[in-house]
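Participant: Could you have a look at this structure, given as structure tokens, before my questions?
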Amino acid sequence: MTFCATVLAVLNGALLVCDDCTHRQVLVHTQGTRCFRPGDRARIRFSDASARSLPPQVTAVEICRICRR
């Protein structure tokens, strides 16, 4: 599955993002956090599995920056 989001915070091993379609926060586990800053937009591909928590959590299979604000 894939979604586009705006990065809210860059954490150690994860990004806190806001899903562009649902406007909900999602915690995305990924090793590729170095090139992201708050405000960046990203396309995130992840497996169907997600943790039922608040905010929801997914593990990125692939993540790429769409644009930088």
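Participant: Can you confirm whether the stretch 42-52 contains a residue that is out of contact with any strand residue (DSSP E or B) (no Cβ under 8 Å at 6 or more places or on another chain), free of Cβ contacts under 8 Å to residues at least 60 places away in the same chain and of a type outside the set (D, E, K, R)?
Facilitator: No - not one qualifying residue is present in the stretch 42-52.
Participant: Another question about this same structure. Among Gly13, Gly32, which is the only one that is of a type in the set (Gly, Ala, Ser) and without any contact (Cβ under 8 Å) to a residue 24 or more places away in the chain?
Facilitator: The unique qualifying residue is Gly13.
Participant: A further question on this structure: If you scan the stretch 2-32, which residues turn out to be surrounded by 13 or more Cβ atoms within 10 Å (Cβ to Cβ) and outside any strand (DSSP E or B)?
Facilitator: Asp20, Thr30, Gly32 - these are the residues of the stretch 2-32 that are surrounded by 13 or more Cβ atoms within 10 Å (Cβ to Cβ) and outside any strand (DSSP E or B).
Participant: Counting only residues that are part of a strand (DSSP E or B) and either surrounded by 15 or more Cβ atoms within 10 Å (Cβ to Cβ) or at pLDDT 90 or above (or both), how many does the stretch 38-69 have?
Facilitator: Residues meeting the conditions: 16.
The values are calculated or read from the model by the stated rules, or taken from the named source; none is laboratory data. What you see is a predicted model; the values in this text were computed from it and never measured. Glycine also receives a Cβ, built like all others from the backbone with ideal geometry; neighbour counts cover every protein chain displayed.
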